[in-house]
1. What ³J(HN,Hα) values, in whole Hz, does the Karplus curve 6.51 cos²θ - 1.76 cosθ + 1.60 give for the range 41-47 when θ = phi - 60°, with x put for Gly and Pro?
2. List every residue whose amide H lies under 5 Å from the amide H of Ser101, counting only residues 5 or more places away in sequence or on a different chain, with H placed 1.01 Å from N in the peptide plane.
3. What does the net charge come to around Lys103 if you take all other residues with beta carbon closer than 9 Å to its beta carbon, with K and R at +1 and D and E at -1?
Amino acid sequence: MVLSKIAAFCVIAFVKAIELTFELSDSANQCFFEDIKDGIDCVIEYQVVTGGQYDVDMTLEDKEGKILYKGVKKQYDSFSWKTETEGTYKACFSNEFSTFSHKVVYMDWQKGDEGQLLPNETLHSDVDRVTSRIAAMTQLETSASAIGDRLRLIDDYQTHHRLREATGRKRAEDLNERVLLWSLGQTAIIITLGIAQVTFDWLFFFFVIVVLRPYKHEFCIF
């Protein structure tokens, strides 16, 4: 019974993630920090939802400042790695190349091997006698673990679908705004040309009637 509770707790608590959406101002640089132990599988994923040309610079560094990943002007990318040293890892997003457009960026930082449900500390404690997690878990717990994995996968699919939907909606709104402005400009030009044409015709007839009419016999206009 105690082993079942430990296993269930590890299924829930072992996999940790940072998932957020934030605004990145123009010419700004924003960093996120995470303390990670050595030998941990990690995945970081990011996507520009709205703003500018839908691109951003991203750099991932370890505690010693070693660059593990660097993406330049990318809309979407993901990077997987296994930590070699324990310490604080830093992920920085830069919008310094953009001088007037701020952006909305989505980031998902997962740490921990989802396939390993029991951490090493637990394996070396009272449950050290268990030779494998499959032997230690009942069929019900295995099914619950599989359901949890599927739910996480479904959640990832839903997140990506919402991001694509938000990106498409923003692009459609921008296109609609540009079409509206273009239509208003065309309308203003047409109205201006119409007023100019009427004014020109009025000036022409005014010139003929008022200015040239006294000299109609000389010019044989009428």
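Just so it is clear, none of the values below were taken in a lab; they were calculated from the coordinates. Keep in mind it's a predicted model, so treat the numbers as computed, not measured. Reconstructed Cβ throughout: ideal geometry from the backbone, glycine too, with neighbour counts over all protein chains shown.
1. In residue order, the calculated couplings are 6, 10, 9, 10, 9, 9, 7 Hz.
2. So Ser101 has HN proximity to no qualifying residue.
3. -3
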